[in-house]
Amino acid sequence: MNHIFKLLPKIGLKTNQILGLHTNATLSAWVKAKTPKKFLEYNKKIFPPQAIGDEPRPAFVCHQKANIKYSPEKLWYVACLVRGMTVDEAVKQLSFVNKKGAVFVKEAILEAQELAVSQHNVEYRSNLWVAESFANKGMVVKGVRRHARGRMGEVRYTYSHYFVRLEEGKPPKDYYKINALTPQEQLDAWLEQMRKRKIINSY
Amino acid sequence: MANSILLKLGSLRFAPATLIQPCRTTTTKHYNPKFKKERAAKFLKLDLPKPNQEVGEMTPEKMRQKMKERGILPPRPWMERPFYISATGGVFEPYIPPEGDGKASIVSTTRAKQTVQLLEKKSKSMMAVRKIKSFDEDFSTADFCSKAQDIYIKAHESLANDDKHAIRLYVTEKAYPEFRHNSRLKTIRWKFLESLEPPRVVHARCTDIVSKENIFGQVTVRFHTRQQLAVYDRFGRLLHGSEILAKDVLEYIVFEKHLANLYGTWRIHAKIIPDWAPPKEPSKHTRVMADPDPDPEPVPEVETAEKTEGDTPAITDK
């Protein structure tokens, strides 16, 4: 059925004209819009086999939700919120965020979790954390609004993409590095750095 | 005031007005409802695209309505179904491996039965070999065994190398999906170590399909070999087998050739798994069992016996 809708933009719309103005976007109402392709390519990367006794490489799964009718600027706040959380925690937090974007993000995370278990050889569905979570700008449909004195203005109806990467294992303790080093640790680090110095051309 | 957050809370709705500090929570709405319509008219209405609308989920009526809006004709139904006739879709008269690979106790009933059946089948196999020879003069079961082993090894090597074009040379179209099943994005390390017993032809059959001259030949070869297999997932973690463990493998492989085709080749067609084969190794993963399907509701049985008697004559032996 999809191929009919690909024909749609060619046919164009004649009904949606006001005062001879083309108010409809060139993309008509249900053509499949362009979706980002690159992020999902990471799911196809094959890593070399590990030797016996190696630490098992953590599995990951990349997932995206493309062309959400929501502003990327607003989605950014929600995307930042879940970074570095376990999947269960992220879902729990998102269900209390009173924003439209939270619904999309939660949906994306749950879908990614399902994919991880069904396709990417992840054993326990709760043993995942949000390693990457970001929002990008999608397509922009430009509309028209009236101003005084016969002037016109542009309205931007923005769409956004949401990307998430879930990784197997426990999340890092301090993802955002909120707790900096203690003075003792700072001193130790400085000492270490100093001792590691090397006189050039010594040998 | 109408949108005050406290007013929205159920229990405080009846609190005296003096207690409630007015506070607007909706910031996207103009405070004055007057000229609301005119303000809205500043923006020209347009149908925003809905890129995530699932076309598959639309009801036929909705689809029809949408297509009428756009003046599009429904697509022509696609009635073509491709099918391939250079390979058969199955194994005809499959070989039944004798109980315990022919080494079961003589006293066992299945073995006794199978030895009798084997004699009948042997003569049929001889006929089939003769038929194959009528098409392929150089065919001999002794030579074929070594050739079959070569095909067997090459097919598995091309699978391990993920060379889908090479696999086609050694595997029929029927076996191809079975061969490649579950191998996507996985690393396979396969090694053929040695042949423990020389491979031997145990069974041969010929069948014609569609027309009398269109003949396919199928030969079952018994392999007893030593192999090594390790399957790694996308992240290089061991899924199955091991690279330091060799295993003895007893297999009955069916090879097929389109005899009527001048350029036909012998290719792997199927594998016969005997009933007495040891059970498969369980998966290393813990999995959640799928929810059992809810029991279908028992259909209340309508007594139709009387009705049918009138319409069709019931079979009676009275």
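The values are calculated or read from the model by the stated rules, or taken from the named source; none is laboratory data. The model shown is predicted, which means the values in this text are computed figures rather than measured ones. Methodologically, a virtual Cβ is constructed for each residue, glycine included, from the backbone with ideal geometry; neighbour enumeration extends over all protein chains shown.
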Exercise for review: Considering each of A:Val78, A:Val117, A:Val61, A:Val122 in turn, give the residue that is surrounded by 15 or more Cβ atoms within 10 Å (Cβ to Cβ) and more than 14 Å from chain B (Cβ to nearest Cβ).
Suggested key: A:Val78
Check your understanding: Somewhere in region A:105-122, is a residue among the hydroxyl-bearing types (Ser, Thr, Tyr) and in contact (Cβ under 8 Å) with a residue 12 or more places away in the chain?
Key -> no
Revision key, fill the gap. Restricting attention to region B:198-227, the residues that are of a type outside the set (Val, Ile, Thr), surrounded by fewer than 17 Cβ atoms within 10 Å (Cβ to Cβ) and part of a strand (DSSP E or B) number exactly 5
Review point. Would you call A:Glu114 of a type in the set (D, E, K, R), under 30 Å from B:His181 (Cβ atoms) and assigned by TED's automatic domain parsing to the domain that holds A:Lys170?
Key: yes
Revision key, fill the gap. Exception for A:Asn136 within (1) under 21 Å from the mean Cα position of the chain (by Cα); (2) farther than 21 Å from A:Val61 by Cβ falls at (2)
Exercise for review: Could you check how many residues of region B:130-170 are farther than 18 Å from B:Pro199 by Cβ and assigned to a helix (DSSP H, G or I)?
Suggested key: 14
Check your understanding: Right, B:Lys68: of a type in the set (Lys, Arg), loosely packed, with under 11 Cβ neighbours inside 10 Å, more than 7 Å from chain A (Cβ to nearest Cβ) and within 25 Å of A:Glu154 (Cα to Cα) or not?
Key -> no
Review point. Considering only region A:145-163, how many residues are more than 10 Å from chain B (Cβ to nearest Cβ) and either charged (D, E, K, R) or closer than 27 Å to A:Phe134 by Cβ (or both)?
Key: 9
Review point. Of everything in region B:213-263 that's of a type in the set (Val, Ile, Thr) and within 13 Å of another protein chain (Cβ to nearest Cβ), which residue is farthest from B:Gly90 (Cα to Cα)?
Key: B:Ile244
